[in-house]
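S.K.: Before I ask anything, let me first share the structure, which is written out below as structure tokens.
What follows draws every value from the coordinates through simple rules; no lab data is involved. From a predicted model like this one, the values you see are computed outputs, not experimental measurements. Note: ideal-geometry Cβ built from the backbone for every residue, glycine included; neighbour counts use all protein chains shown.
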């Protein structure tokens with residue numbers, strides 16, 4: 001949280017740019033739910049081990065219009081047996097114009113995935129519940145921190161100062 005008198009990055013961005021941002025569409029691009037060991041998996045004690053993978057990808061689809069896809073993959077096991085696997089690709093089409101070049105990457109790599117996350121979180125929870133398992137609510141994600149880590153990793157690996165907006169970010173949450 002910024003100190004009194006300081007502006008946050010988002011406040012600073014909106015106060016210093018004349019850019020335009022619009023959400024054109026938010027939609028499920030792809031989804032999959034598998035319970036490879038049912039019905040036997042329902043008969044054991046429920047002490048799951050979760051593996052959550054996040055991945056985002058952005059691409060320009062026309063001038064000033066971008067598609068951002070947030071992919072969440074959740075693999076849940078009981079000991080070594082897979083209980084379920086759910087993968088959701090939540091996508092959005094965003095209009096972004098007049099934004100300084102240095103702000104486009106953070107918008108596509110952090111701001112847009114942050115907008116998509118509540119939708120993917122709800123879809124994952126609904127699929128898991130409909131699959132007969134206890135409700136699964138994904139914990140909030142700090143996309144700003146993930147994007148910053150992605151930038152640092154890209155700098156180390158490629159010696160660049162800024163990755164292209166079309167590059168992807170991915171991470172694992174356990």
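S.K.: For the stretch 10-141, what percent of Cα pairs sit more than 17 Å apart?
M.R.: Details: 5270 of 8646 pairs.
Tail fraction, whole percent: 61.
S.K.: Based on Cα positions only, what radius of gyration and what Dmax would you give for the stretch 65-127, in angstroms?
M.R.: 15.3, 51
S.K.: Next up: Under a crude label model (7 Å from the Cα following the beta-carbon direction), how far is residue 23 from residue 51 in nanometres?
M.R.: That separation, rounded to one decimal, is 3.2 nm.
S.K.: Need the full-extension length gain, residue 34 to residue 148, defined as separation in residues times 0.36 nm minus the C-alpha distance. One decimal, nm.
M.R.: Details: separation 114, 0.36 × 114 = 41.04 nm, distance 3.29 nm.
Residue separation times 0.36 nm, minus the Cα-Cα distance, leaves 37.8 nm.
S.K.: Across 5 Å bins from the origin, how do the percents of Cα pairs in the stretch 33-93 run, short distances first?
M.R.: In order of increasing distance, the bins hold 4, 17, 21, 15, 11, 9, 8, 7, 5, 3, 1 percent.
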